[in-house]
Amino acid sequence: MKSIKTILTASAIALTSMTFGAYADSSALDKLLQDVKANRVSEAKLNKEREAEFRAARDQKQALLNKAKNELTAAQNRQKQLQQAFADNEKRITEKTAELDAAKGTLGEMFGVVRQAAGDTVGRVATSIISAQPEYSDRTELLAKLAEAKELPKLSELEELWFALQTEMTESSKVVKFEANVVGLDGSESMQTVTRVGSFNLLANDHYLKFNSDSNQIEPLGRQPESHMVASVAEFNDTTSGYTGLYLDPSRGAILDIFKQKATMMERYHQGGLPGYVITVVLLIGMLISLERFITLNVVGAKIKSQLKDVNNPKSNNPLGRILSVYQSNKKVDTETLELKLDEAILRETPSIERGVNVIKILAAIAPLLGLLGTVTGMIGTFQSITLFGTGDPKIMAGDISMALVTTAQGLIAALPLIFLHSITAAKSKSIVHVLEEQSAGIVAAHAEQERA
């Protein structure tokens, strides 16, 4: 306030000086004096109003402070009351708990047994395929309530627990057919006749099914087990009397899930990789050559047998006929010359008869070597995986190990039939050559007898 007055005074003096310089007459000075007085009165009034506002705000803040202090005091008093009430309630709860334990007596042990039995049963019932039947789909509600109960069970609830256990035991010995909604792998739903074999398997349309306890739905397996297991399902469904065999899953679906992950023959074949494909090509080439040799040699053998029935009329469509033609052309030569001529004719016919036989033998020897190459390649890949990733995850090494083992098997599988085919074709060609040599020796012997005669 003092600074404001000082500023106003200085302003008035300055204004007076300026006015005094500008106005020389007294009337102007009187007017200036009146203006200064009027401004002083208005400033004093304004200052009083401000002081009044400040005092009102101060009184209001003081009232709020007093109110907050009163509320704090009341809250502290209520806190003390609540703390005392909480302590009294804790003491009372402890006393009542002791009274309840004393009143329950041996019933407390039964309460624990019931809760444990209900908990075990609800897990077994929820995952049981018996729950796939519509009439047994809501058995878990009461059991779950008993497993989570905090008071002694009623007699009716104990009977329901007993009924649930008895139902599970009784139904596990039955083979039942019922209509149920089956969800396909593509999400489509269809009503099918499902056969339940005890608590082991669900069957429909000659295939195995599974019960999904999470969604409470019946679903087909992602992949059926091996064909002989699936064939037993069809045989079981077709049987109307007597007994028949059926593959059961005593683990309630766990074994079927393992079979679902089992690799098929085609998947195992592709695990051989590039060496396995090369072995396949070798096997196909060997089989094609063997097939061609088998057909050709059978045709040649048939023509030779036909020629043996008419040796006096040689034909050029078979090796024996061509050899007989050589004899017909050289009847007048001496025995040694005739023998050389016939040997030459046999040597000329032998390559066409034995063509491809040695190739089959070579392919039979190459196949296991290719399998060994695949084995070495797979082991190299295995050790590289161990070097990079360690041995913590066997799945990382499984691919290379599968390649090593599968290629070895593929090489042996390819070699065995090729060896067998080589033996057949070699025996066939040797028998034809033997016939030619036998006939040639007979011709030479007959010719020698004619010369001596």
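Out of (1) touching a helix residue (DSSP H, G or I) at 6+ places or on another chain (Cβ under 8 Å); (2) assigned to a helix (DSSP H, G or I); (3) open to solvent by less than 40 Å² (accessible area, probe 1.4 Å), what's the single condition that is false for Ile285?
Going through the list (1) touching a helix residue (DSSP H, G or I) at 6+ places or on another chain (Cβ under 8 Å); (2) assigned to a helix (DSSP H, G or I); (3) open to solvent by less than 40 Å² (accessible area, probe 1.4 Å), Ile285 breaks only (3).
Among the residues of segment 307-359, count how many are among the basic types (Lys, Arg) and exposed (fewer than 14 other Cβ atoms within 10 Å of the Cβ).
Qualifying residue count, segment 307-359: 4.
For segment 424-447, state whether one or more residues are more than 26 Å from Ser306 (Cβ to Cβ) and surrounded by fewer than 18 Cβ atoms within 10 Å (Cβ to Cβ).
no
Can you work out which of the residues in segment 263-282 that are among the small types (Gly, Ala, Ser) and part of a helix (DSSP H, G or I) is surrounded by the fewest Cβ atoms within 10 Å (Cβ to Cβ)?
Out of the qualifying residues, it is Gly273.
For the structure I just gave you, tell me whether Ile386 is open to solvent by 60 Å² or more (accessible area, probe 1.4 Å) and not aromatic (Phe, Trp, Tyr).
no
Sort out which residues of segment 121-159 are of a type in the set (Asp, Glu) and more than 28 Å from Thr195 (Cβ to Cβ), and write them in order of number.
Once the filter is applied, which keeps residues that are of a type in the set (Asp, Glu) and more than 28 Å from Thr195 (Cβ to Cβ), segment 121-159 yields Glu148, Glu151, Glu157, Glu159.
Based on what the data block shows, is Thr375 without any contact (Cβ under 8 Å) to a residue 24 or more places away in the chain, among the hydroxyl-bearing types (Ser, Thr, Tyr), in a helix (DSSP H, G or I) and buried (at least 18 other Cβ atoms within 10 Å of the Cβ)?
In short, no.
State whether the residues of segment 221-231 include one that is among the small types (Gly, Ala, Ser), assigned to a helix (DSSP H, G or I), open to solvent by 60 Å² or more (accessible area, probe 1.4 Å) and more than 30 Å from Pro319 (Cα to Cα).
Scanning segment 221-231, I find at least one residue that is among the small types (Gly, Ala, Ser), assigned to a helix (DSSP H, G or I), open to solvent by 60 Å² or more (accessible area, probe 1.4 Å) and more than 30 Å from Pro319 (Cα to Cα), so the answer is yes.
Limited to segment 248-262, what total is found for residues that are under 13 Å from Phe200 (Cα atoms), part of a helix (DSSP H, G or I) and open to solvent by 80 Å² or more (accessible area, probe 1.4 Å)?
0
The values are calculated or read from the model by the stated rules, or taken from the named source; none is laboratory data. As the structure is a computational prediction, the values presented were derived from the model and not from experiment. No Cβ is skipped: glycine too gets one built from the backbone with ideal geometry, and neighbour counts run over all protein chains shown. These accessible areas exclude ligands, DNA and RNA; they are computed on the full protein's heavy atoms, side chains included. Shrake-Rupley method; radii C 1.70, N 1.55, O 1.52, S 1.80 Å.
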